Every structure is written in structure tokens, then in C-alpha cells.
Amino acid sequence: MKKLAASAIVVALALHAHPAAQRTREPSTDGKLNIIAFGAHPDDCDQRAGGVGARLAALGHRVRFVAVTNGDAGHQTEGGGALAARRRAEAQEAGRRIGVDYVVLDNHDGELLPTLAVREQIIRQIRLWNADLVLAPRPNDYHPDHRYTGVLVQDAAYMVVVPNVTPDTPALRKNPVFMYFEDGFQKPAPFRPDVAISIDEVIEKKIDMLDAHVSQMYEWLPWVAGTLDSVPKDPAARRKWLFETRAIRPTPAVRSALVKWYGEEKGNAVRYAEAFEICEYGTRPDEAMIRKLFPILPR
Ligand SMILES: [Zn+2]
């Protein structure tokens, strides 16, 4: 017993011998990017970044989607722990279908607030993923969970490099680039697409990903919209219906961004796209850095 106790003390001393070495984490050097996207609910990242996630994952880059709430309020007849478990399983399947990692944090749906505790959860996620690029909603949105997810990620945007903040997880040595998902809200300012990416080659994969969220795509969202009767019962027919209702064509602003990045001819030929706006916090990327972060842009 004495011997064991002594060795335990040696281990404890060794762990504390270089506390500074544990305080920060160096950027990864294997040439692969670490991308992390935050959505309020399990299915939010999918709609805004599922195509880009699929394309980056196909090239071997590490992509993680994080739902900040567990989605336990998102249904007309189900709820609580059973719904959270169902939605967690749907999110895992959705991630599997496009090759991205999917994490669902256990915060209640419809009750998210920008508290210090949730900010720390976000900081840990960004640090543990050693993120180069962080994607999140803008903080103006009809849904409070979406709004506060935007605020929480903004609140983390500088703190991820501060070692004394959330010291249980080593701080990043380099601040990631932060970008916003596309949305249609006009106030206080409309979404400005700084980069737009063609997802034509993965649009079917993206719809497959959405199709995994059965409780949302075929039950809750149509129920809220009052269109539940128009959802086909047959799985193949409803998958086709999903494509028709969810494969959205680019807005004029996104089209302009596509032309900027792809040139006149190719940019106008793109059918489906995802676009992102640079957040003013975190590292501000120039054009060369944007090309590094999106190696799926044309050269
Ligand atoms: Zn949502």
C-alpha cells in the first residue's frame, strides 16, 4: 500500500511539474482543417452547412456539428427525455450520412440563455476541436435559441485563446476564424455573403442528411407550418418531397458571391449553394485565408 501511495504522489508531481504546457494548445499541423459548426437544435447546422460539411469531410477534413440544445421541445405530441433521445439518434445518423461528427449538448430546447455555464460549454467544444473555422447563426433571429446560440458563440470568440478562462481545457494558441450561416433576416442588417460555395455535387447527400431528422422534417416542422397533410406517407415519396421543399436556390446576393468566387460562367451555373458571412470577432481572414479554409473553392 505504501509503495502504491508513493507512486501516486510521483504521478501527481509529474502532472504538476509543467502546468504551463497544459495551458495552451498549438494549431494542428497535418494539413487537415478542423471545422466546427454550432446550431441551436439537432438539424440546424445541417440546413445551413450540411453541403459544405459533406464536401470538406470527403477531403479528409475534420468536421463537427454541435447542437447546443437537445431538441426536447421540438414536437407536437412527444417531448422531454424520450424526444431528446430520439433526436440525438437522428443527429448521429444525419452526421454518419455525410461523414461528420455530431454532438448534442444536453441543454433544454426553448430555454437556452447566454449564461456563463453554456459559454464555457461552447469554449470547450471549440478548444477540444482545435478549430480553424467556427460557424454559427447570426444573433438576430425569430427563435430565442438561435439568437442566443449566435450570442454564445460570439461571447466565446475571443475567450477561446485566454488560458485563465475555462482553465480545465487548454486554450487555443491561435484564434479561429468565425463565420455566420446564411439567414433571411433584414434587421439590423441583411446577411452579407462573403463567401459562397457550390454544393451541387453533394445536394443529394445533404437531403439524405435532412431525411435522417424524421421527427423534424416529416412531423414537427410541417405540423407547425400547418402542412402536415401534404407530407407523403411513403418513404421514397417523402424523400422526393423533402428535396422539392428543402433544396433552395441561391438568393441574388448569394448569386453575386458565387460569380465573385467562381467567375461569371461557372458562378451563374451553380444550382445549389451555401454561403457564409465573416464575423468581426476572432481572426479576420483575407482572401488567401478564405481559400485555405474552403479548399473546395475553384483555384
Ligand atoms: Zn433551430
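The values are calculated or read from the model by the stated rules, or taken from the named source; none is laboratory data. These figures come from a predicted structure and were not determined experimentally. Note: ideal-geometry Cβ built from the backbone for every residue, glycine included; neighbour counts use all protein chains shown. When the accessible area is computed, the model is the full protein with side chains, heavy atoms only, and any ligands, DNA or RNA have been set aside. Shrake-Rupley method; radii C 1.70, N 1.55, O 1.52, S 1.80 Å.
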**Asked** For segment 188-299, which whole percent of the accessible surface, found with a 1.4 angstrom probe, sits on carbon and sulfur atoms?
**Response** 55 percent
**Asked** What do the square roots of 5 times the Cα gyration tensor eigenvalues come to for the chain, in whole Å, largest first, as semi-axes of the equivalent ellipsoid?
**Response** 35, 25, 18
**Request:** Would you mind calculating the gained length between Glu280 and Ser230 on full extension (0.36 nm times residue separation, minus the Cα-Cα distance), in nm to one decimal?
**Result:** 13.8 nm
**Request:** Please give the direction-averaged projected area of the C-alpha convex hull for segment 169-249, in square nanometres with one decimal.
**Result:** 9.1 nm²
**Item:** Extent along principal axes [Cα atoms of segment 110-152; Å; largest to smallest]
**Value:** 31, 21, 12
**Asked** When only C-alpha pairs under 8 Å and at least 6 residues apart count, what is the relative contact order of the chain, in percent?
**Response** 21 percent
**Item:** Heavy-atom surface of the chain, accessible at 1.4 Å and reported per residue (Å²)
**Value:** 49 Å²
**Item:** Cβ crowding within 10 Å averaged over residues, with 164-175, 253-264 ranked highest first
**Value:** 253-264, 164-175
**Asked** Regarding segment 47-201, what whole-number volume in Å³ per residue does the convex hull of its Cα atoms give?
**Response** 134 Å³
